[in-house]
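Quick notes on the structure that follows.
What follows is calculated from the coordinates using simple rules that are stated; it is not laboratory data. For clarity, every value in this text was computed on a predicted model and none was experimentally measured. We place every Cβ from the backbone using ideal geometry, glycine too, and count neighbours over all the protein chains shown.
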Amino acid sequence: MNEMDNNEEIIEGSGQAQSKPKPLRKLKRVNPSKAEQPAAQHYVPEHEAVPGSHAAEIEGYIPKHEAPPHRYVGKHEAIHDDRQYVDEMYEEFEDEKPVKKGKKGSRWKDPLVKTVAILTSLVLICVLILNLPILWYKKNGVKERVSIITYFKRWQPLVEIEGEIDKTNIDPKVNTNVIPDDDGLDLPQLVEGQYTVLFLGFDEDIFNTDVMWICQFDILAGKLRILQIPRDSAVPDFTSSPNTKFNSIYSLGDQNINPPINRVVNAIYQCFGIPIDAYVTTTCFDIVDLVDCVGGIPMTLDAPIQYDGVTIVDSGDVVLNGVQAEWFIRYRQGWLEGDIGRMQNQRRFMAAAMQKMLNISKEEGKTKLYSYMKQIYDHKWIATDMSIEDLSKLIDFTSNLSMDSVQVDMIPGEGSDGTKPYFGPDGREYSIFSIHLQETLDLLNKYYRPYQQPLTRSDTAIVEWITDHVVDNYDEKTQTLDAVLNGAEPARTPN
């Protein structure tokens with residue numbers, strides 16, 4: 001202040017009229033964006049650019065870590081108190097904007113992906129274990145290691161009741177000119193292209209087989225053919241019963257052949273030339289449970305059926321429950337043709353049951369059929385040597401059939417009567433059914449041996465009791481199940 005006062009006094013003492021000097025202004029901060037900065041514009045730091053390089057030729061190039069204050073060059077490199085440069089920073093350097101780590105929902109997607117990956121790994125591990133050959137499987141003396149899946153497919157849960165069929169002595173005599181290479185179902189067949197199942201229904205004593213059907217699945221033709229064997233058919237070479245009836249072979253056949261199911265299989269092959277691949281047996285009591293399991297069988301009866309003179313099944317449109325179905329199948333006395341009339345009536349039940357199965361498959365799906373099959377297996381209402389896989393394949397095949405593609409036949413013949421009686425070795429007279437030999441051969445060769453050589457008289461063990469035929473009503477009685485379902489019932493007795 002003294003120096004300033006002295007200056008003022010000198011000026012005043014000079015006698016000149018001079019203005020009083022202004023005080024010094026406060027320094028202002030210069031905006032570097034407006035000020036001339038030649039050094040910054042042409043600044044080329046060491047190690048950052050060399051003469052002639054692209055970086056040295058760019059006007060205003062500011063290398064990283066070299067920027068003067070207030071000039072933004074990158075994140076964390078320059079700080080300015082003035083917030084206006086924040087907007088400029090995002091406008092001039094958009095590529096330096098923070099990158100978002102993820103989108104909305106990523107918090108729950110990441111655990112989901114991990115969970116799916118873990119579950120997929122577990123499934124693959126299980127599939128691998130199920131397909132590893134870790135179990136021993138033995139059949140017909142052959143032992144091999146198989147996977148769990150293969151073991152389950154080959155499982156025969158109901159074979160212990162009747163045992164296995166012996167197929168070692170069967171020569172199917174296939175016709176090499178027509179035999180197919182593969183029918184597509186991969187079943188344990190004796191003849192490629194067909195699969196034949198023997199169905200036996202026992203009486204209440206489980207002694208006689210009063211229902212005998214040969215069910216031949218013609219896989220290539222997409223058909224099912226059912227051949228009924230009359231229970232009274234005379235086969236004196238295959239049973240020790242004095243009545244020589246076919247239904248006694250199971251219990252009174254060759255006692256050296258065991259299990260008993262093989263006695264019936266052997267007789268069918270030697271008489272009719274049909275190789276049996278598998279069997280299904282049931283009893284009249286099991287039929288009750290089988291019918292109740294599927295919810296009954298809808299049928300139309302022309303007249304009431306009075307079973308045992310006491311129980312009655314009403315006429316009209318009815319749904320037979322299990323007990324009524326047993327009465328219907330076993331009913332015999334009211335038919336004019338006796339046992340033949342009963343067999344014709346059994347065709348009607350067969351047709352109605354087939355229609356019910358097809359309806360279930362169409363309306364509820366094959367899964368429902370499999371659920372019924374599981375109940376049958378669990379309760380052992382049938383006996384069979386078929387594996388679970390074989391039975392499933394047959395269900396799939398049958399569910400794709402139509403009523404017109406299922407054919408029913410009966411072994412041709414005629415019954416004995418007073419004019420042609422049959423006397424057994426015990427001297428008693430018996431009512432038998434005499435098989436017509438040539439008519440039977442014609443039927444078999446036409447329908448039931450499509451992939452085999454023709455059957456001749458020398459190939460069969462049929463004994464024709466009545467040679468001068470009088471009755472030919474049963475020689476050509478081929479029907480489809482559709483015709484059976486919509487046809488009339490068998491003739492009844494006048495009383």
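Scan region 146-187 for residues that are more than 18 Å from the chain's Cα centre (by Cα) and among the hydroxyl-bearing types (Ser, Thr, Tyr) and report the count.
The total comes to 3.
Can you tell me how many residues within region 253-267 are touching a Phe, Trp or Tyr at 6+ places or on another chain (Cβ under 9 Å) and either more than 13 Å from residue 240 (Cα to Cα) or not acidic (Asp, Glu) (or both)? Give the derivation first.
Initial filter on region 253-267 (touching a Phe, Trp or Tyr at 6+ places or on another chain (Cβ under 9 Å)): 253-254, 260-261, 263-267.
If we keep only those that are either more than 13 Å from residue 240 (Cα to Cα) or not acidic (Asp, Glu) (or both) as well, we get 253, 260-261, 263-267.
Number satisfying all stated conditions: 8.
On the basis of being within 23 Å of residue 260 (Cβ to Cβ) and either touching a Ser or Thr at 6+ places or on another chain (Cβ under 6 Å) or exposed (fewer than 14 other Cβ atoms within 10 Å of the Cβ) (or both), does residue 156 make the cut?
So residue 156 fits the description; yes.
Take residue 361 and tell me if it is crowded, with 18+ Cβ neighbours inside 10 Å and hydroxyl-bearing (Ser, Thr, Tyr).
It is true that residue 361 is crowded, with 18+ Cβ neighbours inside 10 Å and hydroxyl-bearing (Ser, Thr, Tyr).
For region 328-339, give me each residue that is touching a Pro at 6+ places or on another chain (Cβ under 7 Å) and surrounded by 18 or more Cβ atoms within 10 Å (Cβ to Cβ).
Scanning region 328-339 gives a single hit, 335.
Out of (1) in contact with a Ser or Thr (Cβ under 7 Å, 6 or more places away or on another chain); (2) surrounded by 20 or more Cβ atoms within 10 Å (Cβ to Cβ), the odd one out for residue 404 is which?
In the conditions (1) in contact with a Ser or Thr (Cβ under 7 Å, 6 or more places away or on another chain); (2) surrounded by 20 or more Cβ atoms within 10 Å (Cβ to Cβ), residue 404 misses (2) alone.
Could you grab me the full set of residues in region 230-262 that are farther than 27 Å from residue 332 by Cα and surrounded by 21 or more Cβ atoms within 10 Å (Cβ to Cβ)?
Within region 230-262, 262 is the sole residue that qualifies.
Give 431, 392, 405 a once-over and let me know the one that is among the hydroxyl-bearing types (Ser, Thr, Tyr) and over 19 Å from residue 199 (Cβ atoms).
When all the criteria are applied, what remains is 431.
How many residues are under 28 Å from residue 253 (Cα atoms), part of a loop (DSSP other than H, G, I, E, B), touching a Leu at 6+ places or on another chain (Cβ under 7 Å) and not hydrophobic (A, V, I, L, M, F, W, C) when one looks only at region 164-222?
Summing the residues that are under 28 Å from residue 253 (Cα atoms), part of a loop (DSSP other than H, G, I, E, B), touching a Leu at 6+ places or on another chain (Cβ under 7 Å) and not hydrophobic (A, V, I, L, M, F, W, C) in region 164-222 gives 2.
Go through region 448-480 and count every residue that is under 27 Å from residue 170 (Cα atoms) and not in a loop (DSSP other than H, G, I, E, B).
Qualifying residue count, region 448-480: 5.
Given the conditions (1) out of contact with any Ser or Thr (no Cβ under 9 Å at 6 or more places or on another chain); (2) hydroxyl-bearing (Ser, Thr, Tyr); (3) within 18 Å of residue 232 (Cα to Cα), report the number of the one that residue 478 does not fulfil.
Of the numbered conditions (1) out of contact with any Ser or Thr (no Cβ under 9 Å at 6 or more places or on another chain); (2) hydroxyl-bearing (Ser, Thr, Tyr); (3) within 18 Å of residue 232 (Cα to Cα), the odd one out for residue 478 is (3).
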